[in-house]
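Chemist: Supplied in structure tokens, the structure appears directly below.
The values are calculated or read from the model by the stated rules, or taken from the named source; none is laboratory data. The shown structure was predicted, so the numbers you read here are calculated from the model rather than taken from an experiment. Every residue, glycine among them, receives a Cβ derived from its backbone with ideal geometry; neighbour counts consider all protein chains shown. Keep in mind that these areas ignore ligands, DNA and RNA; they rest on the heavy atoms of the full protein, side chains included. Shrake-Rupley method; radii C 1.70, N 1.55, O 1.52, S 1.80 Å.
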Amino acid sequence: MPKFKTILVTGGAGYIGSHCVIDLVNEGYDVIAIDNFANAVGDDEGSPALRKAEEITGKKITFYKADLLDKPQINEIFDKHEIDCVIHFAALKAVGESMQQPLLYYQNNLLGMLNLLEVMRSHSCYQMVFSSSCTVYGEPETLPITETHPTGSITNVYGRTKYFIEEMLKDLNTADKNWNIISLRYFNPVGAHPSGLIGEDPTKEFTNLMPFMAQVALGKKPVLTVFGNDYNTPDGTGIRDYIHVMDLASGHVAALNLLNDNHIGLKVYNLGTGKGVSVKELVTVFERVTGTKIPLKYVDRRLGDITAMWADASLAKEELGWCARYSIEEMCTDFWRWQTMNPNGYPKKNVKSSVIMNGTS
Ligand code: UFG
């Protein structure tokens, strides 16, 4: 099989996408990034995250403002570039919003994926890494959770879009053996690039634990609301498997390498550290490494939250040769560096970008 040269990254201006673009460029791949700026900061002049990615890598990154719901536009990009593999991050991802606007989520995440797969097939591009989530497991029956754990009993629409796509990919793989796909189930992505130049900049409300905690540490929010201290866990707060975004990025490169060398059909891997950390534990480490104090307010459990979830990541180690390397301390330090260097996130208006738009400099 020929070595991959050009990788299309959908959602390339987003939090995980932009970190992954850096790793791909550093590995020598030609990256075409697309984004519709639904979750990522950017405008017609480009993406500040990708501009920083260019600064970090010293390489140009081709970028198109493009929407997967606009099939002719995606088709044009595939006509223009010989794309060997797609890493598909683009999706709406706010759990609360997904419950209020299910049709929006089904249209965007499912139809977007269908359009992408059809365009790929019509250009004989059958290689994909798909951005899935540990949310597909629902409430764990056993911990740590392996890839063979049942999926599908999910309590929110966002999670169901990830599950439905995984089911679609199974059907596709059964029907057409050309496809070569890896679905990566992420646990809880946190942290930022160690340079402090790129990181998570939610365009909607801050709902995830680490970004919210950082807002409290910056003095922008008065208190961290802890959702429940009566869980059946050692300290009563919820447990998650937090994974540094740089580790997630390297997981995608490892997946790409496997697809590059093998025809595997469809495979699924957990990307987690294998360690469960409670809300209280994460707050304690964050306070220690950042030298800040996070005032806490305990309230009732958040609807739909599970008690505890952490990965068995041994399959990824065995078959992808990948394992998470960053500690909880590094996750907090790197996130805090990004937040203190960019207290307001990326510049929101009049973004001057050297990123190539529409394929032209
Ligand atoms: N939490 C708080 N206070 C907050 C925010 C979160 O106590 O202000 C707690 C939650 O109750 C949970 C933990 O911190 O125990 C982590 O919550 P996050 O919102 O950071 O992450 P979730 O595990 O709820 O959700 C994340 C992603 C989803 C994904 C899911 C997969 O945000 O997109 O993991 O399990 F679907």
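Chemist: For the chain, what % of the accessible area comes from carbon and sulfur atoms, probe 1.4 Å?
Modeler: The C+S portion of the solvent-accessible surface of the chain is 50 percent.
Chemist: Can you give the percent of C-alpha pairs in the range 109-201 whose distance is more than 22 Å?
Modeler: Of all Cα-Cα distances in the range 109-201, 40 percent exceed 22 Å.
Chemist: Sticking with this structure for a sec: Return an integer: the convex hull volume of the alpha-carbon atoms of the range 98-153, in Å³ per residue.
Modeler: Looking at the range 98-153, the number lands at 101 Å³ per residue.
Chemist: Give the accessible surface of the range 84-211 per residue, rounded to a whole number of Å², with probe radius 1.4 Å and ligands, DNA and RNA excluded.
Modeler: Per-residue value: 39 Å².
Chemist: Right, something else. Would you mind checking the tilt of helix 245-261 against the longest principal axis of the Cα atoms of the chain, expressed as 0 to 90 degrees and rounded to 10?
Modeler: It works out to around 30 degrees.
Chemist: Using a 1.4 angstrom probe, figure out how much accessible area the range 1-52 has per residue, in square angstrom, rounded to the nearest whole.
Modeler: 31 Å²
Chemist: Over the chain, what per residue volume does the convex hull of the Cα atoms give, in whole Å³?
Modeler: So the per-residue hull volume is 127 Å³.
Chemist: Rounded to the nearest 5, what % of the DSSP beta bridges within the chain are antiparallel ones?
Modeler: That works out to approximately 10 percent antiparallel.
Chemist: So how strong a dipole does the chain carry about its Cα centre when Lys and Arg Cβ are +1 and Asp and Glu Cβ are -1, to the nearest 20 debye?
Modeler: 720 debye
Chemist: Between helix 71-80 and the chain, what is the angle of the helix's C-alpha long axis to the longest principal axis, kept within 0 to 90° and rounded to the nearest 10?
Modeler: In the chain, helix 71-80 runs at an angle near 60 degrees to the longest axis.
Chemist: Between Lys59 and Asp176, what is the spin-label point distance in nm, taking each point 7 Å from the Cα along the Cα→C-beta axis?
Modeler: 2.9 nm
Chemist: Under 5 Å between amide hydrogens, which residues at least 5 positions from Leu266 or on another chain qualify, with H placed 1.01 Å from N in the peptide plane?
Modeler: Ile181
Chemist: Give the total of Lys-Lys pairs in the range 217-360 with Cα-Cα distances below 22 Å; include a pair only if its members are 8 or more places apart or on different chains.
Modeler: 13
Chemist: Here's a follow-up. Identify which of Val129, Val279, Val245 has the largest mean-square fluctuation in a Gaussian network model of the chain, with springs joining Cα atoms closer than 10 Å.
Modeler: So, out of Val129, Val279, Val245, the one fluctuating most is Val279.
Chemist: Still on this structure: Any idea how far apart Leu110 and Tyr298 come out in nm if each label point goes 7 Å out from Cα toward Cβ?
Modeler: Inter-label distance under the simple model: 4.1 nm.
Chemist: How tilted is helix 112-122 with respect to the longest principal axis of the chain? Cα atoms for both, answer in degrees (0 to 90, nearest 10).
Modeler: Here the helix axis deviates by roughly 30 degrees.
Chemist: Run the helix sum for the chain: -39,500 (n - 2.57) per DSSP H stretch of 4+ residues, divided by residue count, reported at 222 nm to the nearest 500 deg cm²/dmol.
Modeler: Theoretical 222 nm ellipticity from helices: -11000 deg cm²/dmol.
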